[in-house]
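The values are calculated or read from the model by the stated rules, or taken from the named source; none is laboratory data. Bear in mind that the values here come from a model prediction, so they are computed numbers and not experimental data. Because the Cβ atoms are built from the backbone with ideal geometry, glycine has one as well, and the counts that use them run over all protein chains shown.
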Amino acid sequence: MTRKSENPMIPFEKAFEIVMSRARPLDVETVALEEALHRILAEDVRSDVDMPPFDKSAMDGYACRRADLQQELIVLETIQAGTPPRYAVGPGQCAKIMTGAMLPEGADCVFMVEDAETPREDVVRFTGGNTKDNICFRGEDIRAGDVVLRAGARIGAQHIAVLASAGCARPRVYRRVRVGIIATGDELVEPSERPGPGQIRSSNGPQLFAQTQHADALPTYYGIVRDTEEAIDASLKHALAENDVVLLSGGVSKGDFDFVPGVMQRNDIEILFDAIAMKPGKPTTFGVSATKYCFGLPGNPVSSFIQFEALVKPFLYKLTGHDFLEMQPVLPLAARLNPGRVERATWLPVCVGADGRVRPVKYHGSAHIHALCGADGIIMIPAGSDVLEEGSLVRVRLLR
Ligand code: AMP
Ligand code: MG
């Protein structure tokens, strides 16, 4: 089968825009807090209480009137966390108070036990030179009704703490994206096998599986398929039926056995682009049907790795309403970099030294996946660049 259309090569930014604009958010479910880690919130969450819920002591100490700090004070009671005070504090009086306990009426200051001396039973004296108030005021962190977390937030441990304190025990989150992974190539064998003549082990299957997990989505691996339209078609049908997104590796270039785009079209996938002005990863292909999404990633491992990070990962998050943005520090080059004439935007693996300067690592091209293991990140050299001088600032996309 031949391809129905040839699309023009587009800049990466345009490809990114096309991919992101096609993402329709998935359905929503509720989960227990124990299952909420790394899920994406589907609703704004408001607190149903003030935080703190009452004026409370920040220290173990004595609650009194600041005006009385210089005199001996009668201790009225001991206030434990969880039990309201029984007495108001008047002139010359105080209450012993524990961290987190409710401040008694009349008190405007807590001095620490470490700054206290007890000359007689039920009498205490402040011995410090000065003291802070050591009070956490009701509602100073959050007011009841305030939005504490916004829809689209990726839930980390700190978010779980906020959900818990806001009384949101079963947050509404997007369901996880289901991603099918297919490796195409007659030359491929599984990692457990020893390659014969002309064969190589498939690294893209396990790599894309791991990248998908890392992107908080649910991968399913459909194995290696041979370079025939029938084999790719059968596997793609299977994967499309069971997933939201299908990633195929290999078979998207201009070779005699590169059938992936044609098979996508045969399965009612409209191809929106099939060439990006980017190195590595030029033949990256993206298509959509009414309900499914399909990426054809180039077979070379560095290409599929980088295209996943740059394009697929933000897209998977977008399906769950999350704007994925990674910290990308801008750092100086440690030495002059001469990449030759750069015709397409080019990604290079780099290390960041303890001095905060960026050095390229040894890299032979898009088959050299091993280079990424010694790299801290990748940098993009814009098309049209020639030489980058020492000290030039580059944005480093960190590889976690
Ligand atoms: P292709 O995109 O199918 O033309 O493949 C480009 C290069 O990537 C070839 O050298 C393939 O052998 C290699 N390749 C394809 N698929 C894989 C894979 N799953 N794992 C590792 N290398 C691959
Ligand atoms: Mg191939």
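Could you give every pair whose Cβ atoms fall below 7 Å, whose first residue belongs to region 215-240 and is of a type in the set (Val, Ile, Thr), and whose second residue is surrounded by fewer than 21 Cβ atoms within 10 Å (Cβ to Cβ) and assigned to a helix (DSSP H, G or I), counting only separations of at least 6 or pairs across chains?
THR220/GLU242; VAL225/ALA231
Consider HIS159 against the criteria (1) crowded, with 17+ Cβ neighbours inside 10 Å; (2) in the same structural domain as GLU230 (by TED's automatic domain parsing): it satisfies all of them except one. Which criterion is unmet?
(2)
With the condition being closer than 19 Å to MET9 by Cβ and within 16 Å of ligand 2 (Cβ to nearest atom), I'd like the strands (runs of 3 or more DSSP E) fully within region 226-316 carrying at least 2 qualifying residues.
So the answer is 293-297.
Just the residues that are of a type in the set (Val, Ile, Thr), within 48 Å of the chain's Cα centre (by Cα) and outside any loop (DSSP other than H, G, I, E, B), please, taken from region 49-91.
Of everything in region 49-91, those that are of a type in the set (Val, Ile, Thr), within 48 Å of the chain's Cα centre (by Cα) and outside any loop (DSSP other than H, G, I, E, B) turn out to be THR78, ILE79.
Could you list, ordered by first residue, the pairs with Cβ atoms under 6 Å in which the first is in region 99-120 and without any contact (Cβ under 8 Å) to a residue 60 or more places away in the chain and the second is in a helix (DSSP H, G or I) and of a type outside the set (Ser, Thr, Tyr), at least 6 apart or interchain?
Pairs found: ASP108/ARG66; CYS109/ARG66.
Going through region 15-55 one residue at a time, which ones are free of Cβ contacts under 8 Å to residues at least 40 places away in the same chain and either assigned by TED's automatic domain parsing to the domain that holds ALA153 or of a type in the set (A, V, I, L, M) (or both)?
GLU34, GLU35
Going by what's in this entry, would GLY139 be described as among the small types (Gly, Ala, Ser), away from ligand 1 (no atom under 16 Å from the Cβ) and under 25 Å from the mean Cα position of the chain (by Cα)?
No.
Looking at VAL288, VAL358, VAL302, VAL312, can you tell me which residue is in the same structural domain as ALA210 (by TED's automatic domain parsing), touching a Cys at 6+ places or on another chain (Cβ under 9 Å) and of a type outside the set (Phe, Trp, Tyr)?
One residue alone meets the criteria, VAL288.
Please enumerate the residues belonging to region 62-115 that are closer than 19 Å to PRO52 by Cβ and among the aromatic types (Phe, Trp, Tyr).
Of everything in region 62-115, nothing turns out to be closer than 19 Å to PRO52 by Cβ and among the aromatic types (Phe, Trp, Tyr).
When only residues in region 265-321 that are among the basic types (Lys, Arg) and within 15 Å of ligand 1 (Cβ to nearest atom) count, which is surrounded by the most Cβ atoms within 10 Å (Cβ to Cβ)?
Among them, the one singled out is LYS279.
When you go through ALA101, ALA95, ALA116 one by one, which is the residue that is over 18 Å from GLN71 (Cβ atoms), small (Gly, Ala, Ser), crowded, with 17+ Cβ neighbours inside 10 Å and assigned by TED's automatic domain parsing to the domain that holds LEU73?
The conditions single out ALA101.
Exactly one of (1) more than 15 Å from ligand 2 (Cβ to nearest atom); (2) surrounded by fewer than 13 Cβ atoms within 10 Å (Cβ to Cβ) is unmet by GLY198. Its number?
The number of the failed condition is (1).
Among the residues of region 248-264, count how many are away from ligand 1 (no atom under 11 Å from the Cβ), touching a residue at least 60 places away in the same chain (Cβ under 8 Å) and of a type in the set (A, V, I, L, M).
Residues in region 248-264 being away from ligand 1 (no atom under 11 Å from the Cβ), touching a residue at least 60 places away in the same chain (Cβ under 8 Å) and of a type in the set (A, V, I, L, M): 1 in total.
Say whether the condition of being under 25 Å from LEU398 (Cα atoms), within 10 Å of ligand 1 (Cβ to nearest atom) and surrounded by 15 or more Cβ atoms within 10 Å (Cβ to Cβ) is met by at least one residue in region 208-221.
Within region 208-221, one or more residues are under 25 Å from LEU398 (Cα atoms), within 10 Å of ligand 1 (Cβ to nearest atom) and surrounded by 15 or more Cβ atoms within 10 Å (Cβ to Cβ).
Among SER392, SER366, which is hydroxyl-bearing (Ser, Thr, Tyr) and closer than 15 Å to LYS279 by Cβ?
Testing whether each residue is hydroxyl-bearing (Ser, Thr, Tyr) and closer than 15 Å to LYS279 by Cβ leaves just SER366.
Pairs under 8 Å by beta carbon, first residue free of Cβ contacts under 8 Å to residues at least 24 places away in the same chain in region 182-205, partner near ligand 1 (Cβ under 10 Å from one of its atoms) and basic (Lys, Arg), six or more apart or different chains?
PRO191/ARG201; GLU193/ARG201; PRO195/ARG201
In region 173-207, how many residues are more than 6 Å from ligand 1 (Cβ to nearest atom), over 24 Å from GLU229 (Cβ atoms) and part of a loop (DSSP other than H, G, I, E, B)?
Result for region 173-207: 10.
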